[in-house]
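I have placed the structure first, in the form of structure tokens, so that the comments after it can refer back to it.
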Amino acid sequence: MNDTTGNGPGKVSINYAVRPAMVLLVLIAAALPSFSQSRPDLQTFFRQDIGLSQDQVSAIRNGEPVVKTMPSREPAEVFLFGAIYIKAAPEGYVKFAHDFDRLRKLPNYLALGVFSNPPQLSDLKGFTFEKDDIESLKNCKPGDCLIQMPTSSIEELQRSIDWSAPDVSEQVNQHLQKTALDRLLSYQRDGNQALGVYNDKRDPTVVPKQFAYMLSYSKALPEQLPEFYNYLLAYPKAKPANVDDTFYWARVKFGLKPTLRVVHTVTMRGGPADAVGYAIAEKQLYSSHYFETALDLSFCIRGSDDAKQPGFYLIMAMGSEQAGLTGVKGSIVRKAAVGRSVSNLQNVLTTIRNTLEGR
């Protein structure tokens, strides 16, 4: 396995396995209605639910990043909790999170494109496999493939490509782009059921089922943000009026090999009197390597009602479902990677704070 990245709402490089764990949403959701620096509930949430020390709680309020690894239900799950207080309006974070031009400048992002509405094939220019991946696809078969793909896609690829032709790379990438567009359009029409099944390994990964499993930890969330939660499951149905959708793709390299990803971003705007100013979810629709399922969430919790001195708590729940983290070797990889991820998420939160506060 490699050290790869999160692409969460902060969109700053984070090594390996930093995707939102739904177990955190249970805890976060329970505290959301009363998140305010003047109320004791936020302190209770940090201390009792997350298990932070009083020093850590004080550090968050003083603008220092605090990150903690949270329990997982199985070895494939790896996730973190992170929080920081930022002396700025939460709208600044939303602008930061959607700044794709800034993201393109990061050295680990090899290419990135934002989809039109509706998506067009031309949106996928640059969405291409590396030479090594193309060569591996020649011998790809169900249950034994280096690229995460459904059986139907593997078989169709094998039939469609002339592997002896000099333009084989162009053929593969054109096929890839058309398939990615078709699947995105299917998702926009049919929702999670269009996410399909990965058959690249011996044990298939049913992506819609795995996504629902991640969300199964968030039983308390409907009581606080029911429309937001339901929309993540029911998309494209039941879209709330205060929610916006964005779709983008990225070719990133944070580990051993470049990875292609397609992501659905859901942004919810809270009302002026709501404790949650904004909630942003980044839902992975496809990844060519490593991440079988991924979902990032961040919450902007209002910390000040003073327009002259705005401030908010930025809380991130980041986790993923990944292969290769079991067994002796997998446990070693997991321990090392998670250790780096804690440090990197601290750097992410610091970068966001410094940017929004104009440091």
inquiry  = Can you give me the solvent accessible area of residue 135 with a 1.4 Å probe, rounded to the nearest 10 Å²?
reply    = 100 Å²
query = What full-extension length gain, to one decimal in nm, is calculated for residue 329 and residue 120 as 0.36 nm per residue of separation minus the Cα-Cα distance?
reply = 71.0 nm
message = Going by amide H atoms built from the backbone, whose H comes under 5 Å of the H on residue 108, apart from near neighbours?
response = none
ask   = If the cut-off is 12 Å between C-alpha atoms, which aspartates and glutamates fall inside it for residue 257, apart from same-chain ones fewer than 8 positions away?
value = 3, 130, 132, 133
note = Counting only protein heavy atoms and leaving out ligands, DNA and RNA, the solvent-accessible surface of residue 235 at a 1.4 Å probe, in Å² to the nearest 10, equals 20 Å²
request  = Could you order 72, 341 so the one with the most accessible surface comes first? Probe is 1.4 Å.
outcome  = 72, 341
task = Please list 42, 185 in order of solvent-accessible area, largest first, computed with a 1.4 Å probe with all protein chains present.
result = 185, 42
key: Exposure ranking of 290, 85 by accessible area [1.4 Å probe, largest first]   = 290, 85
ask   = Between their Cα atoms, which of 138/253; 95/239; 87/209; 105/178; 178/329; 105/131 are more than 31 Å away from each other?
value = 87/209; 178/329
inquiry  = Given the whole protein assembly as supplied and a 1.4 Å probe, what does the accessible area of residue 138 come to in Å², nearest 10?
reply    = 110 Å²
remark   = Note: the range 126-167 at 20 °C, 1.002 mPa s; Kirkwood Rh on alpha carbon pairs; Stokes-Einstein D in µm²/s works out to 197 µm²/s
message = Could you derive backbone 3J(HN,Hα) for the range 53-69 from the dihedral phi with the Karplus parameters 6.51, -1.76 and 1.60 (θ = phi - 60°), listing whole Hz in sequence and x where the residue is Gly or Pro?
response = 7, 5, 5, 5, 4, 5, 5, 4, 5, 8, x, 9, x, 10, 10, 9, 7
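The values are calculated or read from the model by the stated rules, or taken from the named source; none is laboratory data. Since we're looking at a predicted model, the values are computed, not measured. Note: accessible area is taken over every heavy atom of the protein model, side chains too, but ligands, DNA and RNA are not part of it. Shrake-Rupley method; radii C 1.70, N 1.55, O 1.52, S 1.80 Å.
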